[in-house]
Amino acid sequence: LEHIATVWQSNDFSRYLFNSSVVAIMSVIINLIFCALAAYPLARLEFKGKETIFAIVVSTIMIPFQIVMIPLFIIAVQLGLVNTYLGVILPNLASAFGIFLLRQAFQSVPKELEEAARMDGCWEIGIWWSVMLPAIRPSLVTLAIFVFIGAWSDFLWPLIVLQDDTYYTLPLGVAKLAEGAFGLNWRLVAAGSVISIAPVLILFMFVQRYIVPTATSSGVKG
């Protein structure tokens, strides 16, 4: 605890913690919305080329981030997103894995729930919001955990898009700690690493009960 207190008092870790929290929370919210909006029509609606579009989306999982890193940075520069929270969030706006996961979850929802909502006069966006999203809550929580951990622990992209240490996230803060005056004291570097992983462990403790699959068919009787 002494090393943790020393690191916290000697460095701007409170700012790094705030930056990481903003980036991770915004990444989760935006990613869930975009992935759910993209996955719903691929799972429940019928239109020409649906399977082809889904295959193209899933195939992008095989593309390493290092390949799209330079185009992403060019886009961030052109949009003026360098040294901004939105610039750090840019790669997490949506993900092929998230679309795949939520599509599979949407397909497991009984059609009776959807048909009942339509009979009640609910629009498509209302069905998506009021019926489908609550039915796939375990999958949403699972995706949220993956996105949160990925955004929280990401080092490479923030290192590229951030030059102002005011916007540094915790991984960059720990790297800066290792390069600074405490570089030779690995106890302090390890204390900084503990600070960076503690929020993830706490989050998992609170949300792990939602990961247990829920039988969505329990909403259908008869």
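The values are calculated or read from the model by the stated rules, or taken from the named source; none is laboratory data. Treat the numbers as computed from the prediction; the structure is a model and nothing was measured. Cβ placement follows ideal geometry from the backbone for every residue including glycine, while neighbour counts extend to all protein chains displayed. Remember, those area values only see protein heavy atoms, side chains included, never the ligands or the DNA or RNA. Shrake-Rupley method; radii C 1.70, N 1.55, O 1.52, S 1.80 Å.
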(request) Return the distance in nm (one decimal) between the two label points of a simple spin-label model at Gln104 and Ile197, each offset 7 Å from Cα along Cα→Cβ. (result) 2.7
(message) From the protein chains alone at 1.4 Å, what is the descending order of accessible area for Lys111, Lys176, Lys50, largest first?
(response) Lys111, Lys176, Lys50
(request) Report relative contact order for the stretch 1-211 in percent, whole number only (criteria: Cα-Cα under 8 Å, sequence separation at least 6). (result) 34
(message) Heavy atoms of the protein only, probe of 1.4 Å, neighbouring chains included. What is the accessible area of Trp8 in Å², nearest 10?
(response) 100
(request) With +1 on each Lys and Arg Cβ and -1 on each Asp and Glu Cβ, and nothing else charged, work out how big the dipole of the chain is about its Cα centre, in Debye to the nearest 20. (result) 380
(message) What are the ³J(HN,Hα) couplings of the stretch 5-10, residue after residue, when phi is run through the Karplus curve with 6.51, -1.76, 1.60 and θ = phi - 60°? Round to Hz, x for glycine and proline.
(response) 5, 5, 5, 5, 7, 8
(request) For Ile56 paired with Ile75, estimate the spin-label separation in nm (one decimal), with each label point 7 Å from Cα along the Cα-to-Cβ line. (result) 1.5
(message) Just want the answer: with Cβ charges of +1 for Lys and Arg and -1 for Asp and Glu, which residue in Met119, Leu159, Phe148 is farthest toward the dipole's positive end in the stretch 74-167?
(response) Met119
(request) Multiply the residue gap between Leu45 and Ser10 by 0.36 nm, knock off their C-alpha separation, and tell me the result in nm, one decimal place. (result) 7.0 nm
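Per DSSP H run of n ≥ 4, the term is -39500 (n - 2.57); total these for the chain, divide by its residue number, and report the mean residue ellipticity at 222 nm rounded to 500 deg cm²/dmol. Intermediate results must be reported in sequence, preceding the final value.
Details: 12 runs with 150 residues, N = 222.
Theoretical 222 nm ellipticity from helices: -21000 deg cm²/dmol.
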(message) Along the charge dipole of the stretch 1-211, pointing to its positive end and built from +1/-1 on Cβ of Lys, Arg, Asp and Glu, which listed residue (Ser95, Ala39, Gly192) has its Cα farthest out?
(response) Ala39
(message) Per 0.36 nm of contour for each residue apart, how much would the distance between Phe206 and Trp129 grow if the chain were fully extended, relative to their Cα-Cα spacing?
(response) 25.3 nm
(message) Just to check I understand the Karplus step: with θ = phi - 60° and J = 6.51 cos²θ - 1.76 cosθ + 1.60, what whole-Hz values come out for the stretch 56-67, glycine and proline as x?
(response) 5, 4, 5, 5, 5, 4, 6, 7, x, 5, 4, 6
(request) Report the full-extension gain for the segment Gln66 to Leu159: residue separation times 0.36 nm, less the Cα-Cα distance, to one decimal in nm. (result) 32.1 nm
(request) Could you tell me the accessible area of Phe100 in Å² (1.4 Å probe, neighbours in place), rounded to the nearest ten? (result) 80
(request) Using only protein heavy atoms and a 1.4 Å probe, report how much of Thr52 is accessible, in Å² to the nearest 10. (result) 90
(request) Could you check how much of the accessible area of the stretch 1-106 is carbon and sulfur, as a whole percent, using a 1.4 Å probe? (result) 72
(message) I'm checking a number: the convex hull volume of the Cα atoms of the chain, normalised per residue, in Å³. What is it?
(response) 149
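Considering only protein heavy atoms, what per residue accessible area in square angstrom results for the chain with a 1.4 angstrom probe?
Values: 12700 Å² over 222 residues.
Normalised by residue count, the accessible surface of the chain is 57 Å².
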(request) Considering only Ile125, Ile30, Ile149, give the residue with the highest GNM mean-square fluctuation for the chain, with springs between Cα atoms whenever their separation is below 10 Å. (result) Ile125
(message) Could you tell me which residue out of Tyr168, Gln78, Pro138 lies farthest along the dipole of the chain toward its positive end? Charges go on the beta carbon: Lys and Arg +1, Asp and Glu -1, centred on the Cα centre.
(response) Pro138
